[in-house]
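Here the structure is laid out as structure tokens; the discussion comes afterwards.
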Amino acid sequence: MWDTIILILLTLWCLLSIAATMVRLPGTWAILLAAIAFAWWSAWEPLGPWTLVILAVVAIVGEVLEFASSVLTARRAGATKQATWGALLGGILGAFFLSFLVPVPLVGTVAGALAGCFLGAVLAELAVHQRIGQSTRVGVFSAIGFGLGLIVKVGLAIAMSGVVLVSAFSYRTALPSSPNVTVPVSVE
């Protein structure tokens, strides 16, 4: 019974962590934490140390790619450092304050973050160069980079969850369905 409860909780945790990744919260790290907890609970059977190290590397790669994609695409459009920081700050603030743009959970937050990224980059670029065409281009590229980074990181979170859940469910099917209990029978 406990194994079923643990698997349900692990599945819910992974789904919530994927949703958290969609709104730029550390969902990949939450998945890694769940993997470590499950590995400990199951005596390191389904998820060994090497699997956990690989999951940690994937989480790090996800963080780097998420950040780098926005910066690199903005730089490709000729963004200044200020515009890059404006896009980053705008994306974070937009996720919180512009979520009302689309009143659907998660979708609204992502839309708000994209709009905030665009606005942050445009306003910061305008403050430096005061050219609307260049500023708009930087904003569009920043938002595209933000979106690409988000897609990659959510994909990695889904892959990490898949590894954890497949390992956990395969471990459960390997468990005996009932303990081998021998009841002595007395014959008189």
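The values are calculated or read from the model by the stated rules, or taken from the named source; none is laboratory data. Because the structure is a prediction, the values reported are computed rather than measured. Using ideal geometry, Cβ is built from the backbone for each residue, glycine included, and neighbour counts are taken over all protein chains shown.
If residue 133 meets every condition in (1) in contact with a helix residue (DSSP H, G or I) (Cβ under 9 Å, 6 or more places away or on another chain); (2) part of a helix (DSSP H, G or I); (3) more than 19 Å from residue 24 (Cβ to Cβ); (4) small (Gly, Ala, Ser) apart from one, which number is that one?
For residue 133, the exception is condition (1).
Name, by its number, the condition in (1) more than 30 Å from residue 8 (Cβ to Cβ); (2) among the aliphatic types (A, V, I, L, M); (3) modelled with pLDDT of 90 or more; (4) surrounded by 16 or more Cβ atoms within 10 Å (Cβ to Cβ) that does not hold for residue 74.
Of everything listed in (1) more than 30 Å from residue 8 (Cβ to Cβ); (2) among the aliphatic types (A, V, I, L, M); (3) modelled with pLDDT of 90 or more; (4) surrounded by 16 or more Cβ atoms within 10 Å (Cβ to Cβ), residue 74 misses just condition (3).
List every residue pair whose Cβ atoms lie under 6 Å apart, where the two residues are 6 or more positions apart in sequence or sit on different chains, the first residue falls within segment 123-142 and is over 11 Å from residue 80 (Cβ atoms), and the second residue, located anywhere, is not in a helix (DSSP H, G or I).
From segment 123-142, the pairs are 137/77; 141/77.
Looking at the structure I just gave you, is residue 175 at pLDDT 90 or above and either aromatic (Phe, Trp, Tyr) or in contact with a helix residue (DSSP H, G or I) (Cβ under 8 Å, 6 or more places away or on another chain) (or both)?
Spelling it out, it is not the case that residue 175 is at pLDDT 90 or above and either aromatic (Phe, Trp, Tyr) or in contact with a helix residue (DSSP H, G or I) (Cβ under 8 Å, 6 or more places away or on another chain) (or both).
Would you please name the residue that is surrounded by the most Cβ atoms within 10 Å (Cβ to Cβ), looking only at residues in segment 33-58 that are out of contact with any Ser or Thr (no Cβ under 9 Å at 6 or more places or on another chain) and farther than 21 Å from residue 3 by Cβ?
Looking at the filtered set, the residue picked out is 56.
Can residue 152 be described as modelled with pLDDT under 90, among the hydrophobic types (A, V, I, L, M, F, W, C) and surrounded by 14 or more Cβ atoms within 10 Å (Cβ to Cβ)? If you could, list the steps in order and put the result at the bottom.
On the way: modelled with pLDDT under 90: no; among the hydrophobic types (A, V, I, L, M, F, W, C): yes; surrounded by 14 or more Cβ atoms within 10 Å (Cβ to Cβ): yes.
It is false that residue 152 is modelled with pLDDT under 90, among the hydrophobic types (A, V, I, L, M, F, W, C) and surrounded by 14 or more Cβ atoms within 10 Å (Cβ to Cβ).
Going through 186, 161, 135 one at a time, which residue ends up being small (Gly, Ala, Ser) and at pLDDT below 90? Give the steps one after another, and end with the answer.
On the way: 161 fails: at pLDDT below 90; 135 fails: at pLDDT below 90.
Just a single option satisfies the conditions, and that option is 186.
Checking residue 1 against (1) touching a residue at least 12 places away in the same chain (Cβ under 8 Å); (2) surrounded by fewer than 20 Cβ atoms within 10 Å (Cβ to Cβ), which test does it fail?
(1)
Matching residues to (1) of a type in the set (Ser, Thr, Tyr); (2) more than 22 Å from residue 169 (Cβ to Cβ); (3) under 18 Å from the mean Cα position of the chain (by Cα):
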| site | (1), (2), (3) |
| --- | --- |
| 13 | no, no, yes |
| 35 | no, no, yes |
| 63 | no, yes, yes |
| 72 | no, yes, no |
| 80 | yes, yes, no |
| 91 | no, yes, yes |
